[in-house]
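Worksheet: the structure to be examined is printed underneath.
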Amino acid sequence: MQPSAGGASRGWAVWAAPLNDPAVWFAFAIGAALFLAGGALIVTGAAFPTAVDELQHLSFIRSMGAAPALFPDYGHYPTLRPDLSGWGADINYIAHPPLYYVLMSPLPFGVAGLRWVNLALAFAGCALAAMGGARMLDTRMRRVLFVALVFLFPRSIATAGMINNDNLVMLETGALLLALAADRPRPALVALILALLGWTKLNAFVGLAAVVGLLHARAVFAGEARLYGRATGALVAGALAGLAPVIANFVTLGAPVYPAVDFLYVPPDRRLSLDFLGFVSFFAHRLGLKFPPVEGTADFLWPVVIAFLFAAVGCALARTRPRERAFALASLGALAIYFCIHLAYAWHSFVSLGSVSDAQARYYNMLWPGFVFALAIAVDWLAGMVWRGAPKAP
């Protein structure tokens, strides 16, 4: 049975209802405008190829267009010459799952056209995330803060104007947040999005699977879901489907991802001399330096750490609906888990190859909406504390 046009309109009205508040709509418009302006500036002003593997992404798109593959033969694909005059001699070190590249390959666009498509994907993802998050948040201030901030992660804006699979990840992130915002989230839909994430980018799958896993674990412990129920089965099936590329890599390569040794290897005489604690400090500060719009202009490590701790305290103490608090704390918990996994992987790369290239702030694009969701609750909580403690006019 097909839904009527009126039913579709009513459904859209339910999802868009939080944006009907003029203050929330204004915040959405400002955030969206800044995102689109920044992305458009990259699309039109950044020389191709950018340093964020853009040539390698485009090369893999062309390779998948010539010979689509569910399980690519990593390490055997060429890289285009920077002037795009043909294939060069370098092997492409891209080792991501193929979904983004297969989807992009039929598009009849050059670099500029593909950049605009990527900007549209990333913007749509942020817009969906804004709608989903606003629907879960309980107060006007929280919605205003969230819908503005969800567009303003500097790395998301920069990547949005480039040819990069992170932009499909952002669309999937927005779809996941919208699915979780439903009055009764559908486990099968959440599982499908997890599977798509796994076929797009492994680190995004890991981060958002952690969010979903923590949410479901909380529901089981609260008696809202059964451990061996259909919801658990659907989520496990989605996770396993998303892990299929990793499983295939283990079978064929003996590793979860193709080890691009030629690209990552640093000769011993050029390696940094760091023990584990020294590497942790180096890694964290390097992430902080890659946070601002122009990398290296400022170190945002301590502001981000303080904001994380503030968000955790605020979400724990604020008056919120159970689902609102659950999503906020699951997002923060997943961020902490993901950072530890990211650090462990980067430490392994450093010890085995001497590489320090894994410290990339853009690897956290998909966790930004959950982080600012929690931060919005904390800021609203603090504002309420200050307001209640302020002396009243006689």
Mind telling me which of the residues Ala29, Ala16 ends up being surrounded by 13 or more Cβ atoms within 10 Å (Cβ to Cβ), modelled with pLDDT under 95 and within 28 Å of Pro369 (Cα to Cα)? Ala16
Selected residue (criterion: farthest from Leu332 (Cα to Cα)) from residues of the stretch 378-394 that are among the hydrophobic types (A, V, I, L, M, F, W, C) and at pLDDT below 90: Ala393
Looking only at the stretch 45-71, count every residue that is more than 21 Å from Pro256 (Cβ to Cβ), assigned to a helix (DSSP H, G or I), touching a residue at least 24 places away in the same chain (Cβ under 8 Å) and not hydrophobic (A, V, I, L, M, F, W, C) and tell me the total. 5
Select from the stretch 336-382 the residues that are more than 22 Å from the chain's Cα centre (by Cα) and of a type in the set (Val, Ile, Thr) and write down the one among them that is farthest from Gly133 (Cα to Cα). Val351
I'm trying to understand the selection: among the residues of the stretch 352-377, which are at pLDDT below 95 and β-branched (Val, Ile, Thr)? Val356
Scan the stretch 354-368 and give yes if some residue there is surrounded by fewer than 22 Cβ atoms within 10 Å (Cβ to Cβ), aliphatic (A, V, I, L, M) and over 24 Å from Ala209 (Cα atoms), otherwise no. yes
Pull up the stretch 233-270, narrow it to residues that are more than 22 Å from Val169 (Cβ to Cβ) and of a type in the set (Phe, Trp, Tyr), then point me to the one that is farthest from the chain's Cα centre (by Cα). Tyr265
Would you check if there is a residue in the stretch 148-155 being aliphatic (A, V, I, L, M), free of Cβ contacts under 8 Å to residues at least 12 places away in the same chain and either out of contact with any Cys (no Cβ under 8 Å at 6 or more places or on another chain) or within 21 Å of Leu180 (Cβ to Cβ) (or both)? no
Restricting attention to the stretch 225-279, report how many residues are assigned to a loop (DSSP other than H, G, I, E, B), in contact (Cβ under 8 Å) with a residue 40 or more places away in the chain and small (Gly, Ala, Ser). 1
Mind checking which pairs have a first residue in the stretch 100-119 that is modelled with pLDDT of 95 or more and a second that is assigned to a helix (DSSP H, G or I) and aromatic (Phe, Trp, Tyr), Cβ under 7 Å, 6 or more apart or different chains? Tyr101/Phe60
Residue list for the stretch 294-312, restricted to those being surrounded by fewer than 12 Cβ atoms within 10 Å (Cβ to Cβ) and either under 19 Å from the mean Cα position of the chain (by Cα) or polar (S, T, N, Q) (or both): Thr297
Give me a count of the residues in the stretch 327-346 that are in contact (Cβ under 8 Å) with a residue 40 or more places away in the chain, closer than 30 Å to Ala219 by Cβ and surrounded by 16 or more Cβ atoms within 10 Å (Cβ to Cβ). 13
If I ask for residues that are surrounded by fewer than 14 Cβ atoms within 10 Å (Cβ to Cβ) and either among the polar types (S, T, N, Q) or part of a loop (DSSP other than H, G, I, E, B) (or both), which ones from the stretch 72-100 would you list? Asp73, His76, Pro82, Asp83, Ser85, Gly86
Only one residue in Ser355, Ser349 is part of a loop (DSSP other than H, G, I, E, B), in contact (Cβ under 8 Å) with a residue 12 or more places away in the chain, of a type in the set (Ser, Thr, Tyr) and farther than 21 Å from Arg218 by Cα. Which one? Ser355
Determine, yes or no, whether Leu240 is buried (at least 17 other Cβ atoms within 10 Å of the Cβ), out of contact with any Pro (no Cβ under 9 Å at 6 or more places or on another chain), at pLDDT 95 or above and not small (Gly, Ala, Ser). no
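The values are calculated or read from the model by the stated rules, or taken from the named source; none is laboratory data. These numbers were taken from a predicted model, which means no experiment stands behind them. All Cβ positions, glycine included, derive from the backbone under ideal geometry; neighbour counts span all protein chains shown.
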